[in-house]
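Only one structure is covered here, and it is reproduced in the block below.
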Amino acid sequence: MHWGFYFVFAIKIARKNMKIKLKNIAKIIEADIDMNGISIIAGNNNIGKSTILKSIYAAVNTFRNSNKKILDEYKRSLYSIIWSFNQYFNDNEYLSRKLLIDFYELLSKNIVSLLEMENENRVSEIKRYFDEALTNYEMQDKNIYSDKFLIPLYDKIEEVFNRPKEVMMKFIGDRYIIGTFNKQINFASDISTASIEIHSVNGDNVIEIKDHKIESLTFNSVNEPDVIYLPTFNILDMINRNYNHRGMSYSPEGDILYYLRNISNPNSTFEEYTEIESNIETVKEILEDVVNGNLRMSNNGSIIYDDNDLDISVNLENVASGIKNFLLIKKLVENGFLKKNGILLIDEPETNLHPEWHLKFAEILVLMYKNMGVVSVVNSHSPYFIRALEVMMANYGIKDKGSFYLMKEKMKNRYVTENVTKTTESIYQTLYKPLENL
């Protein structure tokens, strides 16, 4: 494994010519989505619009910071194996735990060089790190830590280091699919393989899925962009109702919880700090027309809203549903996670919004693309909101950066996307049809 080479090319990809292609994902037979500005996926309920966003989220996050994720998984496996060996120590429980932790930290610190070694050299180096950890302790008989006694531990550690990085990448992808789709990504009656492809200027990443698990995976060595997914349900309410926050890792909820708790880079450079301040200014004026306050993590881990108008803290359950996504976007920008060249996925942002706020939300998305380079992919069944986006893009001079798709039924309960960017009137004809039938 040439990990040094892998690091050299771990760079942020450009936004140009990025496309997502889906095949046989849940109800989706095929979908091709350009992600070069603001993409709108229109159609009625329950026809696979959310499936497209979930697929983008799971696939892009699988490959995002893939080198770091793979190293982290090696470390997690090492920690589990080393810590389980504690049961074989009978002389001093405290000593055994501390010794094993020190041993793990030495392996973790040097994991990249260990992965690059030949097996024989690596075994010798692993033994050397254990001896180094052991020198920190005084005991009457260090011979109890003989090679014979430690062979089972060394063998299991070597198994981890011999595990191909492709296997670890597949494991990471499976966790995103489980966290996003809850093991329901293949269509119930379809025995064919599903696939999610990411095509960008730096190469292609492909995931093939069967029986709700990754069957094969190919990827290049570049990072994909940051991606944030806001589902139809209010994600803030879900987080608040699960105070222990278990089961949220590798999921949109887990990401949002992390983003709310942390600042992107507390030791940011001047350039990073300046970018965040500029981004805040981009959304500040328009957001203050809608909300006048901030989200905050309380001491018990729940999220509360500090209302500047009333000068009180309000439980999130008592905050109007329509402004929660506005508040969340504001906080994500302030904490530095919604930033230049990121991807924002939103399911039906018009939900619970007054028509006037449709315009505000559309304007925020347009300004974030124009001033921050944030690419958005939006699902909607509201002709008013879609029209608001179309008008705002024209008003701000980025009409050519809009891509419009209409969901079409190709066979019973199976759908495809049709690019109607040049004929958006077909969207309005479809979505206004129920009103005409009245």
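Just one of the numbered conditions (1) of a type in the set (Ser, Thr, Tyr); (2) part of a loop (DSSP other than H, G, I, E, B); (3) out of contact with any Phe, Trp or Tyr (no Cβ under 8 Å at 6 or more places or on another chain) is not true of residue 421; which one?
Just one mismatch for residue 421, condition (3).
What about residue 256, is it part of a helix (DSSP H, G or I) and either of a type outside the set (A, V, I, L, M) or surrounded by 12 or more Cβ atoms within 10 Å (Cβ to Cβ) (or both)?
Judged against the criteria, residue 256 is a match.
Condition first: modelled with pLDDT of 90 or more and surrounded by fewer than 16 Cβ atoms within 10 Å (Cβ to Cβ). Now tell me which residues in region 84-105 satisfy that.
Of everything in region 84-105, those that are modelled with pLDDT of 90 or more and surrounded by fewer than 16 Cβ atoms within 10 Å (Cβ to Cβ) turn out to be 101, 105.
Out of region 176-221, which residues are surrounded by fewer than 17 Cβ atoms within 10 Å (Cβ to Cβ), closer than 22 Å to residue 412 by Cα and either at pLDDT 90 or above or touching a helix residue (DSSP H, G or I) at 6+ places or on another chain (Cβ under 9 Å) (or both)?
Listed by number, the list holds a single entry, 212.
Conditions: (1) surrounded by fewer than 12 Cβ atoms within 10 Å (Cβ to Cβ); (2) of a type in the set (D, E, K, R); (3) within 30 Å of residue 211 (Cβ to Cβ). Residue 118 meets all but one. Number of the miss?
(3)
Can you tell me which residues in region 222-253 are of a type outside the set (D, E, K, R), modelled with pLDDT under 75 and open to solvent by 20 Å² or more (accessible area, probe 1.4 Å)?
Within region 222-253, 223, 233, 234, 238, 242, 243, 244, 245, 247, 249 meet the criteria.
Among the strands (runs of 3 or more DSSP E) lying completely within region 314-416, list those that include at least 1 residues that are open to solvent by 10 Å² or more (accessible area, probe 1.4 Å), in contact (Cβ under 8 Å) with a residue 40 or more places away in the chain and more than 21 Å from residue 229 (Cα to Cα).
Ranges flagged: 402-411.
When you go through 52, 70, 33, 81 one by one, which is the residue that is modelled with pLDDT of 90 or more and not in a helix (DSSP H, G or I)?
Of the residues listed, the single one that is modelled with pLDDT of 90 or more and not in a helix (DSSP H, G or I) is 33.
Tell me whether region 364-380 contains one or more residues that are within 18 Å of residue 53 (Cβ to Cβ) and among the aromatic types (Phe, Trp, Tyr).
Within region 364-380, one or more residues are within 18 Å of residue 53 (Cβ to Cβ) and among the aromatic types (Phe, Trp, Tyr).
Scan region 279-313 for residues that are open to solvent by 60 Å² or more (accessible area, probe 1.4 Å) and part of a helix (DSSP H, G or I) and report the count.
The number of residues fulfilling the criteria is 4.
Every residue in region 349-375 that is of a type outside the set (A, V, I, L, M, F, W, C) and in contact with a Pro (Cβ under 9 Å, 6 or more places away or on another chain), please.
Of everything in region 349-375, just one residue is of a type outside the set (A, V, I, L, M, F, W, C) and in contact with a Pro (Cβ under 9 Å, 6 or more places away or on another chain), namely 358.
The values are calculated or read from the model by the stated rules, or taken from the named source; none is laboratory data. No experiment lies behind these values; they were computed from the predicted model shown. Ideal geometry is used to build each Cβ from the backbone, glycine not excepted, and the neighbour counts take in all protein chains shown. We work out accessible area using only protein heavy atoms, side chains counted, and drop any ligands, DNA or RNA first. Shrake-Rupley method; radii C 1.70, N 1.55, O 1.52, S 1.80 Å.
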